[in-house]
Amino acid sequence: MLKLFSLRSLCVPGVLCVTRYLQIAPQRSQRRRKERKALTVSMKKYAVIVAGGSGLRMGTTVPKQFLPLRGKPVLWYSLTSFLDAFKDMEIILVLPQDHLQTGQEIVRTTKDPDRIWITVGGETRFHSVKNGLDHIHHHSIVFVHDGVRCLLTPDLIRRCYEEAIGKGNAIPSVQAVDTIRIETVGGNQLLDRHKVRIIQTPQTFYSDIIKVAFEQDYDESFTDEASVVERLGVKINLIEGEPTNIKITRPVDILMAEKILEERELNRQ
C-alpha cells in the first residue's frame, strides 16, 4: 500500500520541500495508472448483442441483421468488432427463435466462435436484453449493443470499457447536426441542438448495476439500457461516439455502410 506523508513532514527550508513533493506526486500518479491498467486487463467482459429486428422498414423478408454487406451478413461485422476489441471478450448473441440456425451459421464464420453463445430473445428489446443478462454470473463489465450497428470500431468498445471502469457506465453519443424541434400542446418549439445528443450503443455498465436495473418491471418509457439504469437514480455518463456508428434500418443505410467500409479498406492499404 502506498504510504502518504504530510507536506510538513517532508519539508526542509528552501527548495528541497518542493522538490521532494514533486518527486512523490508522480509516484502516486504512476501507481494509480498501474492499478487501473491491472484492473482493465483483469476485469471480465461480456457483450450482449441484441439482433431481434425484422425487415419491415427495410422492405425485405430477410431480417436486417442478416442482410448482405460487402459479402458478409450485417451481424458478422458487429460480432467481429467485439472479438477484435479484447481477446477475453465473451459474447451473448440474442436472436429470435425462428432465426437461431441462421445465427449459428454466422457465428461459425467468425474468427473465434467459441467465445460466442446464443440465446433466445423476448417480447421486447427490454426482455431480450434481460434474457442475455441472465447468462452473466460474474462481476464484469457488460456491453449491450444493437446488432445492426455494424460499423462500430474496436476503439469505441475499448473507450466505453475504460470509461465504465472509472465511472460505472459509459453511453456513446454524438451531437445533433440537424435543427431540432419538439412538439408541444400549442404546436412546436425549437431546441438548442448543441445540447441534444444522439444516443448510440454499446451502452456499457458494471454488471452489478445493469443486472439489478433489469429486475425492474418493464415500462414503455424504457427505450434503451441507460433509461432502465437511470430509473434507479444512477447518473448516466455520456462519452463521444462515432458518426459512422449508424443503425442499419432502411435501404439507404446499407449503401452508406458499404461506402464507409470501402473507405476503411482503402485507408488500410
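A few points about this structure:
- Qualifying residue in the stretch 134-152 (condition: surrounded by 15 or more Cβ atoms within 10 Å (Cβ to Cβ) and part of a helix (DSSP H, G or I)): no
- Residue identified as more than 24 Å from GLU265 (Cβ to Cβ), touching an Asp or Glu at 6+ places or on another chain (Cβ under 9 Å) and of a type in the set (Lys, Arg) among LYS130, LYS64, LYS111: LYS130
- Tallying residues that are at pLDDT below 95, touching a helix residue (DSSP H, G or I) at 6+ places or on another chain (Cβ under 8 Å) and of a type in the set (A, V, I, L, M, F, W, C) within the stretch 248-269 yields 0.
- Conditions (1) farther than 17 Å from GLY241 by Cβ; (2) within 20 Å of the chain's Cα centre (by Cα); number of the one not met by ILE106: (2)
- The stretch 171-218 - residue that is in contact (Cβ under 8 Å) with a residue 60 or more places away in the chain and part of a loop (DSSP other than H, G, I, E, B) and, of those, farthest from the chain's Cα centre (by Cα): TYR218
- When the stretch 217-239 is filtered for residues that are surrounded by fewer than 13 Cβ atoms within 10 Å (Cβ to Cβ), charged (D, E, K, R) and touching a Lys or Arg at 6+ places or on another chain (Cβ under 9 Å), the ones remaining, listed by number, are ASP219, LYS235.
- Test: residue in the stretch 102-110 that is surrounded by 22 or more Cβ atoms within 10 Å (Cβ to Cβ), of a type outside the set (Ser, Thr, Tyr), out of contact with any Leu (no Cβ under 6 Å at 6 or more places or on another chain) and under 28 Å from PHE222 (Cβ atoms): no
The values are calculated or read from the model by the stated rules, or taken from the named source; none is laboratory data. These figures come from a predicted structure and were not determined experimentally. Backbone-built Cβ (ideal geometry, glycine too); neighbour counts: all protein chains shown.
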